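The structure under discussion appears below in the form of structure tokens.
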Amino acid sequence: MTSQTSILYFLLFQLTIISQPCHRFLTDAAGGRWNYLRKSIGISAMHMQLLKNDRVIIYDRTDFGKSNISFPDGKCLIYTNCTKSMIDDFQPPGTEIGKSNVPLANGKCHNYTDCTAHSVEYDVLTDAVRPLTVRTNIWCSSGAVMPDGSLIQTGGSFEGERKVRIFKPCSDDKCDWVETESSLAVKRWYATNHVLPKGGQIVIGGLDQFNYEFQPERGSPILYKLPFLAETTTNRLEQNNLYPFVFLNVDGNLFIFANNRAILFDYSNHKVVRTYPVVPGGDPRCYPSTGSAVLLPLKNLQAPSVEAEVLVCGGAPKGAFAKANNKKNATFVAALDTCGRIKITDPNPKWVMETMPQARLMGDMTLLPNGNVLIINGAGAGVAGWETGRNPVLSPVLYHPEGKLGLRFECQNPSTIPRMYHSTAILLRDGRVLVGGSNSHDKYEFTGVLYPTELSLEAFSPAYLDPENSILRPKIVTTASQTTLKYNQKLLVRFTVAGTVAIDKVSVTMVAPSFTTHSFSMNQRLLILVSEKVMCLGKNTYAVQVTTPGSGNLAPLGYYLLFLVHQDIPSKGIWVNLQ
């Protein structure tokens, strides 16, 4: 790259920063701090999942080329691919919409040897990175954590598109990916997984898959049709229903959002029980338009009927994909600056629209322990895919669900690193948000491109972790590394606070860590437990009695992070296992 080209890229980057002001809706003082953790973990963090031992499983794809982290002791893997990519056949250059069933000529296969890893385990407590072994392509796959804490990962691309893999967490650094002998019923690329109330998970959709199945499945895998996914596919190039937004409703049915529409689905009886209104404006919100969505915190859990609300933010307007992928004259349309919020349990649900401080697509929405939503990463124009995003949005935004309409957004301090396509963000046990990834290219590209491949990790610390809040920050008093809970259990949570405690501003929350990829955090869930009373046990020591959720419809079986929140400031979480 010439010096003139370098200067041009630098100027373009500066212009994109200037073009992305964050208009402050709640306060003129942006909050939060950024900490640079690692220059490189060896791979780009396309997929992330926090496990019960405070280690994060991260992976990208096996055919990116050689990564920057080698296997130990000279270990190498041989990968095999026997199909042609649709990207090479007839897709517009620069897109990432698919692969085909077309075999290579004369039954040939392409073999390649790679001595580098494409999955790692990141230890949050020690900052250590360990290479892991993935034997088939996990590109754009999905997953969920089972009740025993194991990560079940499904699908991917090419030779990995029907694979099921398991990662069981360990403390001796000997655990690794295991590919099971079972396989998915069909190829799954860009599918969505969700855990079910009593264990197991459902796997929904993917490229050209208008159906769903369950994992684990006894005997041969069974496939069930879901016509809604076909109905929401506008055309094959737009593909606006990939990675559909799926949430378990409090009645045990699934809220499924694809493109600009949503249904409530009874997966046990395989039928649609409700159709929701189209989002006002009708613009697409799923990949490649790629907005994001979150189930807002569940509260009043002992009420006869618990309310549930979904928030969908950002995306790209209709036609943005075709314009960004125009071979002769690519144009990058401004992203959507709207959010739609809907009470999915309401008898007559309606979308309520809100305006974000910035237009954003490819953003991640992360539930914080105090019930606020962090919107982070992404671009201000274009769509998801190779080289088709522009204008990095560097400033995160806080969304306050309990705030007044029109006054719910609060801008945060910006990062200096563009986190574009294939970036991720997840909540950690200490209340920080781990941020990584960004690779808008078909391979690892570090120079000569507008947005280089990012191998780094950062942590965003919300303002509740600022030093001046330490006197109000609670600490849960426990000697157990993990606690087992039952449904409808009375639980006494002991905690200390250095300063004066505001009794009426103490709460306990439970957060289900998410499987995050492509701007959607699967299985993310936050519950505000019912608090009955706060007791003073001595100097600076208190206890609050709460009741755990009443059923798997509210909180599926498995591991959660439990936080004590005082005046909107959370403690470090402790791991609890709901059995």
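Each value in this text was obtained by applying a stated rule to the coordinates, not by laboratory testing. Note that the structure is predicted; figures quoted are calculated from it, not measured. FYI the Cβ positions are ideal-geometry reconstructions off the backbone, even for glycines, and counts take in every protein chain you see.
Quick one: of LYS271/LYS486; LYS404/LYS486; LYS404/LYS475; LYS168/LYS572, which pairs are farther than 28 Å apart, Cα to Cα?
Pairs exceeding 28 Å: LYS271/LYS486; LYS404/LYS486; LYS404/LYS475.
What residues of the range 291-318 lie in the reach of a label at ASN235, counting those whose backbone N is under 15 Å from a point 7 Å from the Cα along Cα→Cβ?
Hits in the range 291-318 for ASN235 at 15 Å: 318.
Shape of the range 371-516 from its Cα gyration tensor (a ≥ b ≥ c, root eigenvalues): rounded if a/c is under 1.5, otherwise prolate when a/b > b/c, or oblate?
Verdict is prolate for the range 371-516.
Based on the Cβ-Cβ distance of ASN469 and GLN579, what FRET efficiency does E = 1/(1 + (r/R0)^6) give at R0 = 30 Å, to the nearest 0.05?
0.30
Quote to one decimal, in nm, the extra length available between LEU125 and LYS39 on full extension: 0.36 nm per residue of separation minus the C-alpha distance between them.
So the chain would gain 29.3 nm between LEU125 and LYS39.
Between VAL246, VAL195, LEU207, whose Cα lies farthest towards the positive end of the dipole of the range 135-252 when Lys and Arg beta carbons carry +1 and Asp and Glu beta carbons carry -1, centred on the Cα centre?
LEU207
Given points 7 Å out from each Cα along the Cα-Cβ axis, report the ALA543 to ASP266 separation in nanometres with one decimal.
Distance between label points: 4.5 nm.
In whole Å, how far is the Cα centre of the range 515-579 from that of the range 191-269?
28 Å
With everything on Cα atoms, drop me the angle between helix 3-18 and the longest principal axis of the chain, reported from 0 to 90° to the nearest 10.
Its long axis makes an angle of about 40 degrees.
Roughly what would the spin-label model give for ASN111 and ASP73, points 7 Å off Cα along C-beta, in nm?
2.3 nm
What dipole magnitude, in Debye to the nearest 20, does the range 471-578 give about its Cα centre under +1 on Lys/Arg Cβ and -1 on Asp/Glu Cβ?
Value, rounded to 20: 240 debye.
Which of TRP139, TRP177 has the fewest other C-beta atoms within 10 Å, and how do the rest follow up to the most?
TRP177, TRP139
Under the 0.36 nm per residue contour assumption, what length would be gained going from the current alpha-carbon distance of THR275 and SER531 to full extension?
88.7 nm
How far, in nm, would the chain grow between ARG135 and GLU307 when pulled straight, counting 0.36 nm per residue and subtracting the alpha carbon separation?
Computed gain between ARG135 and GLU307 is 57.6 nm.
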